[in-house]
Each structure stands twice: as C-alpha cells, then as structure tokens.
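Worksheet for the structure shown next.
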Amino acid sequence: MSQTGGVEQVRHPIGVFDSGVGGLSVLKALRAELPHEDFVYVADSGFAPYGERSGCFVQDRARLITQYLLDQQPAIKALVIACNTATAAAVQLLRQEHPGFPIIGVEPALKPAIAASRTRRIGVMATRVTLESDKFNALKLSLSEQATFICQPCDGLADAIERDDASQIVALCTQYTRDMGQFGIHEGQIDTLVLGCTHYPFASHHLQRLVGPQVCLIDNGEPVARQTRRVLPALTDYRGEGCLQLFSTGNPQILTDAAQRWLGGTPHAQTMSIAG
Ligand code: DGL
C-alpha cells in the first residue's frame, strides 16, 4: 500500500517474464527507467529454452504465465514479455485475449541497427523460433531495401547462458560469429550486430571481443523500458525504491545467482509451478 492524499492505494506491480534468466537484461533497464515501480519477474526455466521448441508450445506457456500474473493479488497492471521468442510466437494472441491491457513485447532491434550501420550489413543473432516467425520475417522484409541482414540461429546459446557454462558460451559465440562472415567497418563487412534474444547481452563481452571493438552491438532493453513507461496507466506517484519478486518454474537458485550477478542487491527467487 502507498498513501496518496490520505487515501490508501494498492500498488500493482508490472509483470515481466522470459523463458529463463535472459529477461533480467530487460528488467535491469526497466528498474533503471521506473525505479519506484514494483516488479514481479517469472523465469520459466522449468520449460526453457523456448527457442528450439514449437511456436504452439511457447504460446501455451505465455498464456499460462500471463493468466497466473493476472490472477495474483495484487494483479499486475502491465506485462512485459522480456523474450523475443515468446513475443514472436504469442504477443498478438495475448493482446487479442486481453484487449486494452498493456502488453509490451521485445523484437530484434533491426531499425536501430539500420540507424547505427554504415556498411548496411547487419548481423542478427536470435533463436530459431524468432527467426522463423511471421512477425520477424515481416519486419525484415519491410526493411530489406535499407540493409542486408545476416540472420544466425543460435541453437544452444541461451541454454549455455542459462547454465552459466562459460566454455560452452565462448565455443558457441565463436562458431556463430564465424558462420556469419566478416565483421568490421569496411564495405562488405558486418558493422552492426543485433542481439535478438534477451539472454545474449549477458555474453556481450565475449561477442565484442570476437567481432572487434568497432562493431556496434545492439539490444533493446532500454527502448523497451521507455516504451513501458509510455504505456503505463498514468496513476503512479510512488515514492521510494520499488520492490522486486523473483519466481522460477525451475531451479530458483539459478535465478537468484543470475540476478545477484547482473542486477545486484536482489532477493532470493522463489519456486512456482505453472502447469498446463
Ligand atoms: N530469452 C529468449 C529470447 O529473447 C529465449 C531464449 C530461449 O529460451 O531459447 O528469445
């Protein structure tokens, strides 16, 4: 509860979910943009990775998690799908099923990449489900006259980041950046790399080393946070630091450790069960 002019106001949190720990990269930007808001984060780690499953499977998980967050007391007042894969598979469906409810998704940042690129050769790392989705292909087609996109499905990379398996992360980043072609700032080279999965910013130091310091890495945590501020219901005059709850459908220790490592000062994650 918070006080507004003597009237007690229920604080409704913002719900955020991902297949696992990757959405913490978006949560970090959200907490910086909206420091007084409360957040509930769900890592669907018991069902991760999403990126190599079917679109239907991801839709089912997204629906169940959304309903769970809406049924909480107090209910969430907005939902951020901090997952490119779940956004590609399910954002349209969720918006149809919850008309008028603010749902913010993430998608590979192709437009900001065009703005940043001089060679107009842009690498896109994402999951298979994202790259094969109609949503992503429509976006790519709409921009195809402005740049060439070299799209790389990164099987196993989100999973390696989820498990914090450093040697596998380095091996996969090395393989995938090599498969994409030559990076650099000269004509014909890829000068901009889109991190089209929210797990990948946590491997950005390895990726930057592999592609060279002049290549621009782009993710969309900050734009998503700004968009969330824009669409939030306008009643918030909260003061003080907002609180955070972390839930995992898998091993909560993995989420606790990842949140400590990447956000710092975060609470222990709790186990939750969301079964179909
Ligand atoms: N973090 C997710 C994304 O942005 C999905 C990773 C996965 O579960 O494969 O696409």
(message) Condition first: of a type in the set (Lys, Arg) and away from the ligand (no atom under 12 Å from the Cβ). Can you find one or more residues in segment 172-180 that meet it?
(response) yes
(request) Only residues that are of a type in the set (Ser, Thr, Tyr) and in a loop (DSSP other than H, G, I, E, B): list them for segment 100-135, please. (result) Ser117, Thr119, Thr127, Ser133
(request) Consider only pairs whose beta carbons are under 7 Å apart and that are at least six residues apart or on different chains; among these, list those whose first residue lies in segment 162-190 and is without any contact (Cβ under 8 Å) to a residue 12 or more places away in the chain and whose second residue is in a loop (DSSP other than H, G, I, E, B) and surrounded by 13 or more Cβ atoms within 10 Å (Cβ to Cβ). (result) Gln182/Gln189
(request) Scan segment 56-69 for residues that are out of contact with any Gly (no Cβ under 8 Å at 6 or more places or on another chain) and either open to solvent by 30 Å² or more (accessible area, probe 1.4 Å) or free of Cβ contacts under 8 Å to residues at least 24 places away in the same chain (or both) and jot them down. (result) Cys56, Phe57, Gln59, Arg63, Gln67, Tyr68
(request) May I ask you to list pairs of residues, at least six apart or on different chains, whose Cβ atoms are under 6 Å apart, with the first in segment 259-276 being among the β-branched types (Val, Ile, Thr) and the second being surrounded by 13 or more Cβ atoms within 10 Å (Cβ to Cβ) and part of a loop (DSSP other than H, G, I, E, B)? (result) Ile274/Thr249
(message) over 22 Å from Arg128 (Cα atoms) and more than 16 Å from the ligand (Cβ to nearest atom): is that true of Ile185 in this structure?
(response) yes
(message) Please go through (1) more than 10 Å from the ligand (Cβ to nearest atom); (2) open to solvent by less than 10 Å² (accessible area, probe 1.4 Å); (3) of a type in the set (Asp, Glu) for Asp44 and return the number of the only condition it doesn't satisfy.
(response) (1)
(message) Residue under question is Leu244, and the condition is that it be away from the ligand (no atom under 16 Å from the Cβ), under 22 Å from the mean Cα position of the chain (by Cα), open to solvent by less than 40 Å² (accessible area, probe 1.4 Å) and hydrophobic (A, V, I, L, M, F, W, C); does it hold?
(response) yes
(request) Output the residue which, of all residues in segment 102-130 that are more than 24 Å from Arg230 (Cα to Cα) and either free of Cβ contacts under 8 Å to residues at least 24 places away in the same chain or of a type in the set (S, T, N, Q) (or both), is surrounded by the fewest Cβ atoms within 10 Å (Cβ to Cβ). (result) Thr119
(request) Within segment 78-90, identify whether any single residue is over 16 Å from the mean Cα position of the chain (by Cα) and within 16 Å of the ligand (Cβ to nearest atom), and answer yes or no. (result) no
(request) Restricting attention to segment 188-203, report how many residues are open to solvent by 30 Å² or more (accessible area, probe 1.4 Å), closer than 20 Å to Val170 by Cβ and away from the ligand (no atom under 12 Å from the Cβ). (result) 0
(message) Looking only at segment 11-31, count every residue that is outside any loop (DSSP other than H, G, I, E, B) and open to solvent by 10 Å² or more (accessible area, probe 1.4 Å) and tell me the total.
(response) 4
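The values are calculated or read from the model by the stated rules, or taken from the named source; none is laboratory data. Just so it is clear, the model here is predicted, and its values are computed rather than measured. In this analysis, Cβ positions are derived from the backbone assuming ideal geometry, glycine residues included, and neighbour counts consider all displayed protein chains. Heads up: the accessible areas ignore ligands, DNA and RNA and are worked out on the full protein's heavy atoms, side chains in. Shrake-Rupley method; radii C 1.70, N 1.55, O 1.52, S 1.80 Å.
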